[in-house]
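One structure is given here, and the rest of the page talks about it.
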Amino acid sequence: MAETKWTKKDLLSMEDLSVDEINLILDTAEEFKKVNERNVKKVPALRGRTVVNFFVEPSTRTRASFELAEQRLSADIINMSASTSSLTKGETLLDTGKNIEALQVDLIVMRHSAAGAQQFLAKNLRCGIINAGDGAHSHPTQALLDIFTIREKKKKIKGLKVSIIGDILHSRVARSNIIGLLKLGAKVTIAGPPTLLPKEFEKIGVKLCDNLVDAISDADVINLLRIQHERQRAAYFPSISEYASIYGINADTIKYVKKDALIMHPGPINRGVEIDTAIADGDQSVILEQVTNGLAVRMAVLYLVAGCLG
């Protein structure tokens, strides 16, 4: 395992992590994946710790993954959502956070629709904050589980060609993946309708491509993203059917994909749009392995962050 010592009370974004810290999380996740493969899957690593899952924005996979990770680590768990919190009564986010902290909790795992919400709380609270997604800004544990899956299957990250296809503009997953992959030495291409490809990424060495075949033909990894309708405020392309025909991975376009390339997707999948069912469930797909690995990665993150809380 890596020699780096974890020193952060929060996990907020991939930008905050050094290469050594990313590798420490991945190495620790490898050990926790072994735990999850045992008959008895529970360890006492977080016994006596209290974790609040505070999801102000809806979630299925991430919330379930974090909650199960906490259970596997023997933590005490409180689940909260915006609809059942005093935010609905006009309480500020900071007051809600301070009231949670006053219960002597150790960690808050938080998802919020506003970019920067977790960073704001982290500056104002003593307890640890783990970012489970903030707006279109950051989703570090998703990026870490994606990178973990790539490293597990390809045995390396450096030098790999990774193409991320879809709604890059509104995707916190894309942003976090791009930062993490570049730090570890991968070559990243983003592809999709030109209106959904932020030019800012060119400045940090990302290749922009509006032609799907060009983006996928030599890729070692293809990470597909859904169209984020809930975050769009305008029409960025004519129709879903047109998007699917031009940028979807289907029976016609899969022939351009290398036979050993990985097909990834963070979910939820829109079958028949960004990916056809046969490919999503096919031999090159590692989509369900991403879910499995997400549990190990989140156990690692919880364990490392909790270790800095005294």
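The values are calculated or read from the model by the stated rules, or taken from the named source; none is laboratory data. Just so it is clear, the structure is predicted and the values come from calculations on it, not from any experiment. Positions of Cβ are generated from backbone atoms using ideal geometry, with glycine treated the same way; all protein chains shown enter the neighbour counts.
A few comments on the model shown:
- Strands (runs of 3 or more DSSP E) lying entirely in the range 115-227 (those with 1 or more residues that are under 30 Å from V51 (Cα atoms)): 128-134
- Pick from the range 259-310, criterion surrounded by fewer than 17 Cβ atoms within 10 Å (Cβ to Cβ), in contact with a helix residue (DSSP H, G or I) (Cβ under 7 Å, 6 or more places away or on another chain) and without any contact (Cβ under 8 Å) to a residue 40 or more places away in the chain, ranking: farthest from A64 (Cα to Cα): G272
- The lone exception for L160 - which of (1) crowded, with 22+ Cβ neighbours inside 10 Å; (2) within 30 Å of D283 (Cα to Cα) it fails: (1)
- For the range 233-271, filtering for residues that are at pLDDT below 95, out of contact with any Lys or Arg (no Cβ under 6 Å at 6 or more places or on another chain), within 30 Å of A132 (Cα to Cα) and assigned to a loop (DSSP other than H, G, I, E, B) leaves 7.
- Taken together, V109, V105 contain a single residue that is modelled with pLDDT of 95 or more, crowded, with 17+ Cβ neighbours inside 10 Å and assigned to a loop (DSSP other than H, G, I, E, B), which is V105.
- Residue match in the range 274-286 (condition: at pLDDT 95 or above, within 16 Å of the chain's Cα centre (by Cα), outside any helix (DSSP H, G or I) and closer than 30 Å to H112 by Cβ): yes
- Residue, surrounded by the fewest Cβ atoms within 10 Å (Cβ to Cβ), within the range 236-258, restricted to residues that are among the β-branched types (V, I, T) and over 13 Å from D167 (Cβ atoms): I246
- Residue in the range 188-197 that is more than 20 Å from I275 (Cβ to Cβ) and not hydrophobic (A, V, I, L, M, F, W, C) present: yes
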